[in-house]
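The values are calculated or read from the model by the stated rules, or taken from the named source; none is laboratory data. Keep in mind the model is a prediction, meaning the values are calculated, not measured. Cβ placement follows ideal geometry from the backbone for every residue including glycine, while neighbour counts extend to all protein chains displayed.
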Amino acid sequence: MAQTFSYDFSRPGTPEEAKARLQGVITQRLRRPTGGGAPSNAQHHMRLSKQTATSLSYKPKLVVPLPISTSVWLGRLARREIVNVTFTADATHGKTHVTVAGKVGHGSEAIADREFWTDLLSAN
């Protein structure tokens, strides 16, 4: 069963600056969302699939094209697992409003946790 989530955060700077600062950190962390080694993350990788000046989209990544890996990956695509990060200007405070929203399946619940994103976005 897929779990949907949506969180709002505030970061200093313009949307473009915030995206430039956070993109590498987010991309790296979504490659290893469970925090463990390669085996524990093998079926939970997310890859950057689309980006604009003020948004990032991540989808499941096929790590090793073996029959079981491929079937798990196809299941994740069928459940429409995705993570979207958008950066919009908050003109009244001179900050950037960061919205993280998405849908993940069993085994990737860590990505749907508010604490995961609070720690990730505070790291940079």
(request) Determine whether residue 100 is within 20 Å of residue 49 (Cα to Cα) and at pLDDT 90 or above. (result) yes
(request) Identify the residue in region 28-86 that is closer than 27 Å to residue 98 by Cβ and of a type in the set (Gly, Ala, Ser) and, among all such residues, is modelled with the lowest pLDDT. (result) 36
(request) Could you please find all residues in region 70-110 being in contact with a Phe, Trp or Tyr (Cβ under 8 Å, 6 or more places away or on another chain) and outside any strand (DSSP E or B)? (result) 110
(request) Scan region 87-119 for residues that are surrounded by fewer than 18 Cβ atoms within 10 Å (Cβ to Cβ) and in contact with a His (Cβ under 9 Å, 6 or more places away or on another chain) and jot them down. (result) 88, 89, 90, 107, 110
